[in-house]
Amino acid sequence: VPVVELRQVGLTYPGPPPVAALRPCELAVERGDFVTVVGPSGSGKSTFLNIVGLLDAPTEGTYLLDGHDTGALRDADRTALRGRRIGFVFQSFHLLPHRSALENVTLSMVYNGVPRAQRLPRAREALTRVGLAHRMDSPPTRLSGGERQRVAIARALAPQPALLLCDEPTGNLDTANAAAVLGLLDELHADGMTILMITHDPEVAARGARTIAIRDGVLSEQRVREGSAA
Ligand code: ADP
Ligand code: ADP
């Protein structure tokens, strides 16, 4: 079963005037795949991200997440499915500035349906995984931008989501920190994580095993690397 399967999924904002932000598209993201979606400003990336991230429902088509038909869900079930199956990584890190890295990761699991007893061990494991075992007690105010984004990635990973959904994850980072974060995503991919990353930057997009282009709301396959799951 693909992690993400879009069948003729599209979204038209009602307006007036109506805006066809995402034209009906087909997409399957397989387990362990690393797919990047690249497009210029206004091309429909946020619309696409919001649909895949279960933040917005499409106005057309069927979206299956890990085999679950998301169209049939009520709001509360959609939110619960999002919390359990999707880890979000954004451009801005949205960390609690005066809580430790460990608390940032632990506290977020309250909203993701992770049993209380598992939160601390999973947070420690996730922070270790992103190379921050020695920074667990530091608040974001004492971490570099790259370290903050790694805390945010640990927060996304800790609930053990089926999909890591990244929106311009290097957008606020300098070159060295951006390279480190992309290197970490490569490692997570090598470990079998399923990653979908949205970016306006073709160089960043080239880091994926497979790249989808989006232009004027139209999705098209651009590149598949040899040996990719797709
Ligand atoms: P991107 O993230 O690539 O910049 P968006 O998905 O934000 O693109 O936007 C795609 C198109 O949909 C654009 O033409 C944008 O103006 C339009 N759009 C985005 N949000 C809305 C909205 N809430 N209502 C109407 N049009 C919108
Ligand atoms: P952009 O990528 O457009 O610069 P952000 O990455 O800061 O903006 O956030 C995109 C959207 O996701 C915003 O609406 C923000 O409120 C929401 N958001 C950001 N971080 C989180 C998070 N950790 N959990 C849930 N929603 C978030």
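The values are calculated or read from the model by the stated rules, or taken from the named source; none is laboratory data. Predicted, not measured: the structure shown is a model, and the values here were computed from it. Because the Cβ atoms are built from the backbone with ideal geometry, glycine has one as well, and the counts that use them run over all protein chains shown. SASA here: full protein model, heavy atoms, side chains in, ligands and nucleic acids out. Shrake-Rupley method; radii C 1.70, N 1.55, O 1.52, S 1.80 Å.
Here are some notes:
- Some residue of region 201-211 being assigned to a loop (DSSP other than H, G, I, E, B), at pLDDT below 95 and within 16 Å of ligand 1 (Cβ to nearest atom): yes
Conditions tested, residue by residue: (1) on the phi > 0 side of the Ramachandran plot; (2) of a type outside the set (Phe, Trp, Tyr); (3) in a loop (DSSP other than H, G, I, E, B).
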position: 147; (1), (2), (3): no, yes, no
position: 152; (1), (2), (3): no, yes, no
position: 155; (1), (2), (3): no, yes, no
position: 160; (1), (2), (3): yes, yes, yes
position: 166; (1), (2), (3): no, yes, no
position: 170; (1), (2), (3): no, yes, yes
position: 176; (1), (2), (3): no, yes, no
position: 185; (1), (2), (3): no, yes, no
position: 189; (1), (2), (3): no, yes, no
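- Looking only at residues of region 92-133 that are in a loop (DSSP other than H, G, I, E, B) and touching a Ser or Thr at 6+ places or on another chain (Cβ under 8 Å), we find that the one that is least open to solvent (accessible area, probe 1.4 Å) is 100.
- Each residue in region 38-75 was checked for being within 14 Å of ligand 2 (Cβ to nearest atom) and among the β-branched types (Val, Ile, Thr), and 3 of them qualify.
- Every condition in (1) within 9 Å of ligand 1 (Cβ to nearest atom); (2) assigned to a strand (DSSP E or B) holds for residue 63 except the one numbered (1).
- Condition check for residue 167: of a type in the set (Asp, Glu) and within 16 Å of ligand 1 (Cβ to nearest atom): yes
- Any chance residue 196 is out of contact with any Leu (no Cβ under 8 Å at 6 or more places or on another chain) and within 16 Å of ligand 2 (Cβ to nearest atom): no
- Count of region 215-230 residues which are of a type in the set (A, V, I, L, M, F, W, C) and at pLDDT below 75: 2
- Per this entry, residue 30 is counted among residues that are open to solvent by 30 Å² or more (accessible area, probe 1.4 Å), within 16 Å of residue 197 (Cβ to Cβ) and more than 16 Å from ligand 2 (Cβ to nearest atom).
- Condition met for residue 165 (closer than 30 Å to residue 113 by Cα and either open to solvent by less than 10 Å² (accessible area, probe 1.4 Å) or within 16 Å of ligand 2 (Cβ to nearest atom) (or both)): yes
- When residues in region 39-80 are screened for being under 14 Å from the mean Cα position of the chain (by Cα) and open to solvent by less than 20 Å² (accessible area, probe 1.4 Å), 8 of them pass.
- Of residues in region 142-153 being small (Gly, Ala, Ser) and more than 12 Å from the chain's Cα centre (by Cα), the one nearest to ligand 1 (Cβ to nearest atom): 145
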